[in-house]
Amino acid sequence: MSKVDIISREWCDLVFEGRNKSYGAYDLRSKAGKRHLFAIIDILIGIAVIAALIFTYVAASEAIKASMAGEEEMTTEFSQLKKDEPKKEEKKVEVQKEEPKPEVQKVAVKASIAFTVPEIVDHVDETKKMKNQEDLSRSNISIASQDYVGDSKNGINIDDLRDNQSTGGSTVAPPVEDTKTYTIVEQMPSFPGGEAALLNYVNSHIKYPAIAQEQEIQGVVRLRFVVLEDGRIGEVQVQKGLESHCDAEAVRVIKSLPRFIPGKQQGKPVRVWFSLPVRYVIQ
């Protein structure tokens with residue numbers, strides 16, 4: 001028995017021989033081949049479109065990852081550096097404020113023995129009798145222009161207090177020094193010349209430890225250090241180390257940095273933490 005193709009037109013003519021071929025099953029069977037071909041083409045086109053979408057998505061993801069990796073290859077990264085925002089000019093009405101009066105501090109006055117200048121007089125005033133050597137040699141008692149019972153250890157001489165008042169001075173409390181170390185302030189510290197100058201300084205002064213190169217050690221040392229009120233570098237901390245020699249070299253370079261423009265809080269220079277990741281890359 002010969003092989004029969006039930007989709008062929010010959011088979012369709014044989015089956016519908018002597019029957020109405022104008023419509024119905026004959027028409028469907030005679031066009032089945034075209035329908036199958038179009039269906040296969042549609043499927044292939046759909047597969048191609050889906051594959052193209054998947055390829056585009058993967059390529060875009062790889063491009064984004066490559067871009068992010070390229071940004072991370074910078075030798076030095078910076079954080080907490082703010083750009084100066086333009087200040088809007090506003091008309092302000094000046095109001096004269098009374099200057100605050102200095103806070104007067106109570107001070108302790110030392111106990112003292114009056115020193116009487118010897119004078120030749122006709123009558124002796126018992127209230128101004130000259131003290132003998134025993135009185136003057138008593139412990140913790142200072143010599144002043146008058147007798148005074150006070151704090152012999154922590155007080156000040158009564159004559160010094162009186163001289164200060166006579167010259168227009170006043171005994172005021174000393175200003176309180178702000179020793180707090182801030183993380184974020186109104187005006188963050190900045191390196192002279194900006195980020196580019198800081199990056200150039202670190203790159204030109206850091207030395208890749210030979211032992212780290214031999215062991216092919218690469219990565220990031222995350223540091224933070226204190227910028228003091230005068231711009232000098234204070235305490236340096238390693239937040240995330242890489243290798244002991246790499247950590248020590250990064251700390252050395254940070255400690256050698258020139259003075260920063262100090263950070264300010266309410267217009268006054270203050271201590272501020274400054275973060276600086278340093279990346280070691282073997283080229």
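Below is a table of values for the structure above.
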| read-out | value |
| --- | --- |
| Members of the range 206-228 found to be more than 17 Å from S275 (Cβ to Cβ) and either polar (S, T, N, Q) or modelled with pLDDT of 95 or more (or both), listed by number | Q213, Q215, Q218 |
| Output for the range 260-283, where each listed residue is touching a residue at least 60 places away in the same chain (Cβ under 8 Å) and closer than 30 Å to A212 by Cβ | F260, W273, F274, S275, L276, P277, V278, R279, Y280, V281, I282 |
| Residues of the range 242-283 satisfying the condition of being over 19 Å from the mean Cα position of the chain (by Cα) and in a strand (DSSP E or B) | Y280 |
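The values are calculated or read from the model by the stated rules, or taken from the named source; none is laboratory data. The shown structure was predicted, so the numbers you read here are calculated from the model rather than taken from an experiment. Note that each Cβ is placed from the backbone with ideal geometry, even for glycine, and that neighbours are counted across all protein chains shown.
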